[in-house]
1. Return the percentage of antiparallel bridges among DSSP beta bridges fully within the chain, rounded to the nearest 5 %.
2. Can you compute the modelled spin-label distance between GLN294 and HIS573, with each label point 7 Å from Cα toward Cβ, in nm?
3. Got a sec to turn the phi values of segment 352-359 into Karplus ³J(HN,Hα) couplings, 6.51 cos²θ - 1.76 cosθ + 1.60 with θ = phi - 60°, whole Hz, x for Gly and Pro?
4. Taking just the C-alpha trace of the chain, give me its Rg and Dmax in Å.
5. Can you give the calculated 222 nm mean residue ellipticity of the chain, where each DSSP H run of n ≥ 4 adds -39,500 (n - 2.57) and the sum is split over every residue, rounded to the nearest 500 deg cm²/dmol?
6. On the principal axes of its Cα set, how long, how wide and how thick is segment 349-477? Give whole Å, largest value first.
7. Give, as a single signed number, the net charge of other residues whose beta carbon lies under 15 Å from the beta carbon of LEU505, with Lys and Arg counted +1 and Asp and Glu -1.
8. When the Kirkwood hydrodynamic radius is evaluated over all pairs of different C-alpha atoms of segment 71-318, what value in angstrom, to one decimal, is obtained?
Amino acid sequence: MNEKTKLSERIQVSNKLLPADVVIKNGKIVNVFTMEIENGDVAIYDGMIVGIGEYSGTTEVDATGKFIVPGLIDGHVHIESSMVPPSHFSHVVVPHGVTTIVTDPHEIANVSGEAGIQFMLDDSDGIALDALFMLPSCVPATPFENSGAKLAAESLAPFYVHNRVLGLAEVMDYPSTAQADEGMINKLYDARKRGRVIDGHGAGLDAHAMNIYGTAGITTDHESTTLEEARERLRKGLYVLIREGSGAKDLEALIPLVNEKNARRFLFCTDDKHLDELIEHGSIDENIRLAIQQGLDPILAIQLATLNAAECYRLKTKGAIAPGYEADILLVDDLTTFSITDVYKDGELVAQNGKMLMEEESVVTPDEHLLNTIHLPKVTKESLEITVSGTGKVHAIKLIPNSLVTEKVIVEPAQDRGVFIASETNDLMKMAVIERHHYTGNIGLGFIQGLGFSEGAIALTVAHDSHNLVTAGTNDEDMLKAIEEVAKIRGGMVLVKAGEVVASLQLNIAGLMSSGITNDAYKGMKQLDEGLKKLGFEGDFNPFSALSFMCLPVIPELKLTDLGYFDGIAGEHIPLEVKL
């Protein structure tokens, strides 16, 4: 059936000349345009809402006592951080009411370039979730580390023809943007000339930087962590995405800024959220619940999660229960607790009572090169040694729980036979970042405070954004064992104590995602959680997510890359040992 015929039939159903496919009756409709609750039947035909009023249909659903809510939209998410591929990711978030996501595949792109992007597009084709893509703007994120790929404007351009590609993803290389670097200008111009959306990444950037962002055509930012940062982005005309993920939880700090005067410029996102948290706590539905708990009106919270996100990304037929909009619909028992019972995608019931109604299937099988991305040099105990050469004082990363921002501190580690060692007494673990893409042999060494282990070591190949191998530990022997085990399982997460593997999770797709079924990956994550206790971890944050972001040089203050410490404020590498 062609589009002209479809339009004709939809109009006839709307005018009650033909019966609807589905009619949801007796529910209370949440109107995100007028911010009111209204009564009426919702008529659906060919996956679209065609009428609100009194209708009859082939299938009629009694929604007595329930609220009818638009499907939720995650405004910015990296699917890879869930550790499952797109087809499996849909089975995790759709039961939580998320029917559309705007995703940036820059994690896998940093490992596998164009092939990684294509895999994510292919594996999200035809699933019960609209996965809309932004093209990675910064691969690598900066020139201060080594990633698995480099993507110039000409590498990205062919992807714009794909019908699910919306624009250019988070521009995090602010120095190149501010200096009008030719490579960055090419990417910005390519998106602008096509009339596409451009996302920002303004971590720690001031008001003047927002002038530059706006001039470049950037319209969003998800990196606000304070009220003043968010307020400044609003003043400069940007949309503020309120993030609540695994590594960064900003909702409580930002939600007080939202009011009826400015609310249309806010939306929700998860950015990076692990599988166990998605399953147990939810996705954007959790953002809604937390916002309500912080005092936001429930309908306003729903508007942020639906209509606002749709308008931000120019999705003209998403985000509302109204004629001419896609029939992505939730039935919710109670708005305050936001308890979802039914999820409709394109007018079809796809999830009920927290479970998908269809079997989980991968859309595509990853190519072998995506399953073989761990290319490590020979790492020895000596490779991890840090020789004392001067003052006995070193720079260290001070982790701030549930934040991507860190502090740069100076500490005096313990010493043993002329080398620095980790020390439990001052909560100081050794840290290493090992280049794992090109056999360069690069190993960046440093120290981290606040990770919260009393013994053992942790290693993972999820290390934003270049995704080299990162490890931290209380002793070199356990760190070395963790490195070896990660290589053995072809990427993933490992915990080691006293030379023995306590728990591990294989992430064999680019070292980021599991090719197995979601439930097995979830069980693996729960085993890791239990393993953390054996290493003495008692913190109230996710140490895997926290450590993965200790390698991201675009977020201040101090991070560790395969080339050593990077000072995000000074914009340069700094030595490990403090000089006189």
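Throughout, read-outs are computed from the coordinates displayed, never taken from laboratory work. Computed from a predicted model, the values in this text were never measured in an experiment. Here Cβ is always computed from backbone atoms with ideal geometry, including for glycine, and neighbour counts include all displayed protein chains.
1. Working: 74 of 105 bridges.
Given both bridge residues lie in the chain, the antiparallel proportion sits at roughly 70 percent.
2. 3.9
3. These are the phi-based 3J(HN,Hα) values: 8, 6, x, 10, 6, 9, 10, 6 Hz.
4. Gyration radius and largest Cα-Cα distance of the chain: 24.3, 88 Å.
5. -7000 deg cm²/dmol
6. Answer, in whole Å and largest first: 65, 36, 24 Å.
7. On the way: positive: LYS488, ARG490, LYS523, LYS526; negative: GLU80, ASP276, GLU277, GLU485, ASP520, ASP529, GLU530.
The answer is -3.
8. Details: mean 1/r = 0.0559 Å⁻¹.
Kirkwood radius, segment 71-318: 17.9 Å.
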